[in-house]
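Heads up, the thing below is written out as structure tokens.
What follows is calculated from the coordinates using simple rules that are stated; it is not laboratory data. Here the structure is a predicted model, which is why all the values come from computation and not from measurement. Here the Cβ positions follow ideal geometry from the backbone for every residue, glycine too, while neighbour counts run over all protein chains shown.
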Amino acid sequence: MEVYGGLQFERFTEEDVDILTPVMKSAFDEDTQRHLNKPTGGPDGYDNGDFLRKYALNPASQAYKISKDDKPIGAVIVWIRENNVNFLGNIFIDPKLQDKGLGLIIWKFIESKYPDAVKWYTDTPGFSRRNHNFYINKCGFKVVKIKNPRDKYNGTSLVIG
């Protein structure tokens, strides 16, 4: 276990899927409710563990369970490439703990963990203004491409750090 900024980071394991799937579902559903006025929504498998099994347990990814005061609150998944142009696949935290600076602590942990990164890429739903604010104004990413800009539900912003 590593501690950074008052949070605990542990390598993601199969046992974490059942613990963190409800947290992931809650985080994505809250974002969907806020921005689309729909009760639920997220990427395929976000609500049944398939997303975490596919990406967090993927041997090519580096994934961490994040805890605060020994209570699991979220996860982060990154893809570290040989050329050090890396991909931030996913960050999620319990919505009750959002807007308290924890996302930035998580991002700073990732930056400190992978100091050889030349660049970071990520993408986020086009509708999620809160995510845009986080990535651009807090983490220093820049929008480099918008896919399907007129599609409220499937538009995506590709951002680079």
When the dipole is taken about the Cα centre of the chain, and only Lys, Arg (+1) and Asp, Glu (-1) are charged at their Cβ, what size is it in debye, to the nearest 20? 800 debye
Relative to the present Cα-Cα distance, how much length would full extension add between K100 and Y114 at 0.36 nm per residue of separation? 2.7 nm
Karplus (6.51, -1.76, 1.60) ³J(HN,Hα), θ = phi - 60°, over region 12-19, in Hz, Gly and Pro reported as x: 6, 10, 4, 5, 6, 4, 5, 6
Which whole-number percentage describes the relative contact order of the chain, with Cα contacts under 8 Å and a sequence gap of 6 or more? 18 percent
Using only DSSP helix segments of four residues or longer, with each worth -39500 (n - 2.57), what per-residue ellipticity at 222 nm results for the chain after dividing by its residue count and rounding to 500? -7500 deg cm²/dmol
Taking the simple approach of a point 7 Å from Cα along Cα-to-Cβ for both N83 and E15, what is their distance in nm? 3.9 nm
Find the centroid of the Cα atoms in region 48-82 and in region 118-137, then give the distance between the two in whole Å. 18 Å
Charge dipole of the chain built from unit charges on the beta carbon (Lys, Arg +1; Asp, Glu -1), centred at mean Cα; most positive-end Cα among G5, G74, N148 is N148
Spatially proximal lysines relative to K138 (Cα-Cα < 28 Å; intrachain offsets below 8 disregarded): K25, K38, K65, K68, K71, K96, K100, K108, K113, K119, K147, K152
K138 to K54: extension gain in nm, 0.36 nm per residue of separation minus the Cα-Cα distance? 27.4 nm
